[in-house]
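Asker: I have a structure here, written as C-alpha cells, and I will follow up with some questions on it.
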Amino acid sequence: MFSKETYISRRSALKKSVGSGLLLFIGNDEAGRNYAGNPYPYRQDSTFLYFFGQPYAGLSAIIDIDDDREIIFGDELTIDDIIWMGMQPTLQEKCSSAGITELMPANAIMDYIKKAQQKGQTVHYLPSYRPEHKLKLWNWLGALPGEEGYSVDFIKAIINLRNYKSEEEVVKIEKACLVTAEMHLAAMRTIRPGIHEYEVVAAIEAVASSHNCGLSFPIIATKNGQTLHNHYHGNPVRSGDLFLVDAGAETEMGYAGDMSSTTPADHTFTARQRDIYVIQTAMHDHAVAALRPGITFEEVYDISARVMAEGLKELGLMKGDAADAVKSGAHALFYPHGLGHMMGLDVHDMENFGEVYVGYDGRPKSKQFGRASLRLGRTLECGFVHTIEPGIYFVPELIDQWKTENKFAGFIHYDKVETYKDFGGIRNEEDYLITETGARLLGKRIPRTVEEIEAFRD
C-alpha cells in the first residue's frame, strides 16, 4: 500500500469532484473455478484499490459526502478462517492503514443505503462487470441487472483522478514494466523449432513468479499471430514460424505492465518476414516520435496507419494514396485494431467504465472497422500512461471476405495478398508515460528491430 495520506487525498479529491450524495464501492468476492473452495486467483476491484488500498475479499465501502462519513463494511476473520488461511491484520488495522476510522459489519451496508434513499440522497454507483456486483446492486438498491442506472458523474470523477499517474504510481508501473521486459526476454531465449507454445508460456510465467508478480492478463503466446487474442498454447513450433507474445506482469499492488514481441522461430527472419517486420518497426517508431501533450492519440494512430500503407504499397500489397486508404478504412485489412490503451491498475485502465469516457473523454467513437477498436483517441496529457502497439496481420478469413465483396479494390492488390495468407501476424508493444516535453519509455527496451532480434537470437 501507499501511505494512508495518499488514500485520504484521493478520497478528498473525489468528494470535491462529485459534490454530493453517497458513493458506493463494491469490492470483489472470491470466485470459484469449479467449486467454492477452489477459487480463481483473487484480484480486488481496481477502483476499490485506488481509494482504499485493501486487497482483501468481502469488503465494500461508502463515502457519504453529505454527512462527511467514510465507511468500510466487512467482517473480522473467524477462527475457522484463521486455521485455513492464517492470521491477517484485523479489520480495524486494515481500515486504519487507508485512513478510515469507521467500519461496520458487511451486512449493514444495505440498511445504510436504504436510509440514504429514504432521505432522498443520490446513491452513485459504477457499472458492473462481475455477476455478484449485479446481484448486490439488485439486493441493495433494487437496481435490476442490465439496467444502466450507474452514475456518469461518478465515472468521470474517478477517470479524472486515475488517468493522471502520480510519481509514486509511475514507480509501481515501471516495476511491472521491468518485470514484463524480462518475461519477453525469457520468451525470446526459449522460442525455437521443435518446442510447443506452452513451453514458452512456462518460461514467461516463471519470470513473473520469480519477481513476486502475477499476470496482468492471460498470456498470448502463439505462432498464429493473425489471431489477435489467441490463448491456445498447444501448437508445435516449426522452422519458418513467427512467434507472437503478448504478456504483462502485475505487481503485488495491482499495477500492470503490457508488452508484445514477435520473434522468428529460427535465428533469422526469412526475406518475406523481414519485409513486413521492417514496416511494422517503422509504424512503431513514427508513432513514438509523435507522442507529446496536445496531440490526439487518434492522430498518432493515423500516422502509424499511413506508414503501413506506404510500406505495403512498396511491396505491391496496397495501391493508391496512403492517406486516402487510411481515411476510407482500407488499411484495416492488415491493421484491424487500435494503436494502444491507457494502463495503470488495469492493463486496459478503467475499461469497465467504458472506452467513450476513458479513452475519448465522452466523445463518440468511430464505427469504422479497425478504427472502432481504437481504445484511446483523446488528446494526450502529461501524466497519462498508455501502450503503443501497432501491428500487421494477414487474416485468411478476413482476406477471403473482403476479396469476395471486392472491398476497397482501389487500394488493395488481392492477388498479391493471397500469397501472404499463411504469414501470420506481427505486433510489438511498449509502455509510455506522457511527459511535459514528449514521452518516456517505461521499463527497459527489449530487442525490437530485425537487427536487434537476430543479434539477440544468435
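The values are calculated or read from the model by the stated rules, or taken from the named source; none is laboratory data. These figures come from a predicted structure and were not determined experimentally. Counting neighbours? That spans all protein chains shown, and the Cβs are built from the backbone with ideal geometry, glycine included. To get the accessible areas, we keep the full protein, side chains included, count just its heavy atoms, and leave off ligands, DNA and RNA. Shrake-Rupley method; radii C 1.70, N 1.55, O 1.52, S 1.80 Å.
Asker: Among the listed residues T437, T449, T404, T387, which satisfies the condition of being touching a residue at least 24 places away in the same chain (Cβ under 8 Å), open to solvent by 60 Å² or more (accessible area, probe 1.4 Å), among the β-branched types (V, I, T) and at negative phi?
Answerer: It is T437.
Asker: What single numbered condition from (1) open to solvent by 30 Å² or more (accessible area, probe 1.4 Å); (2) within 17 Å of the chain's Cα centre (by Cα) fails to hold for V245?
Answerer: Of (1) open to solvent by 30 Å² or more (accessible area, probe 1.4 Å); (2) within 17 Å of the chain's Cα centre (by Cα), only one is false for V245: (1).
Asker: So, of the residues in the stretch 248-263 that are of a type outside the set (A, V, I, L, M) and under 17 Å from F456 (Cβ atoms), which turns out to be surrounded by the fewest Cβ atoms within 10 Å (Cβ to Cβ)?
Answerer: Here the answer is S260.
Asker: Related question: What about H184, is it buried (at least 21 other Cβ atoms within 10 Å of the Cβ), modelled with pLDDT of 95 or more, more than 30 Å from S12 (Cα to Cα) and not polar (S, T, N, Q)?
Answerer: Yes, satisfied.
Asker: Mind checking which residues of the stretch 38-52 are more than 20 Å from the chain's Cα centre (by Cα) and of a type outside the set (A, V, I, L, M, F, W, C)?
Answerer: Narrowing the stretch 38-52 to residues more than 20 Å from the chain's Cα centre (by Cα): 38-39, 52.
Scanning the stretch 38-52 gives N38, P39.
Asker: Among Y164, Y150, Y232, which is touching a Cys at 6+ places or on another chain (Cβ under 9 Å) and part of a loop (DSSP other than H, G, I, E, B)?
Answerer: Just one listed residue meets the conditions, Y164.
Asker: Being in a loop (DSSP other than H, G, I, E, B) and either without any contact (Cβ under 8 Å) to a residue 40 or more places away in the chain or surrounded by 14 or more Cβ atoms within 10 Å (Cβ to Cβ) (or both) is true for just one of A157, A143, A208, A203. Which residue is that?
Answerer: So the residue among A157, A143, A208, A203 that is in a loop (DSSP other than H, G, I, E, B) and either without any contact (Cβ under 8 Å) to a residue 40 or more places away in the chain or surrounded by 14 or more Cβ atoms within 10 Å (Cβ to Cβ) (or both) is A143.
Asker: Could you tell me whether the stretch 415-423 includes any residue that is part of a loop (DSSP other than H, G, I, E, B) and more than 21 Å from Q280 (Cβ to Cβ)?
Answerer: For the stretch 415-423, residues part of a loop (DSSP other than H, G, I, E, B) and more than 21 Å from Q280 (Cβ to Cβ): absent.
Asker: To continue, here is another question. Taking the criterion of being part of a loop (DSSP other than H, G, I, E, B), within 23 Å of A247 (Cβ to Cβ) and either hydrophobic (A, V, I, L, M, F, W, C) or open to solvent by less than 10 Å² (accessible area, probe 1.4 Å) (or both), would at least one residue in the stretch 307-329 satisfy it?
Answerer: Scanning the stretch 307-329, I find no residue that is part of a loop (DSSP other than H, G, I, E, B), within 23 Å of A247 (Cβ to Cβ) and either hydrophobic (A, V, I, L, M, F, W, C) or open to solvent by less than 10 Å² (accessible area, probe 1.4 Å) (or both), so the answer is no.
Asker: Can you tell me which of T268, T281 is β-branched (V, I, T) and over 26 Å from the mean Cα position of the chain (by Cα)?
Answerer: Result of the check over T268, T281: T268.
Asker: I would also like to ask the following. Evaluate the stretch 31-41: report whether one residue or more is assigned to a helix (DSSP H, G or I) and open to solvent by 60 Å² or more (accessible area, probe 1.4 Å).
Answerer: no
Asker: For the stretch 47-140, which fully contained helices (runs of 4 or more DSSP H) count at least 3 residues that are more than 17 Å from L23 (Cβ to Cβ) and open to solvent by less than 50 Å² (accessible area, probe 1.4 Å)?
Answerer: 91-97
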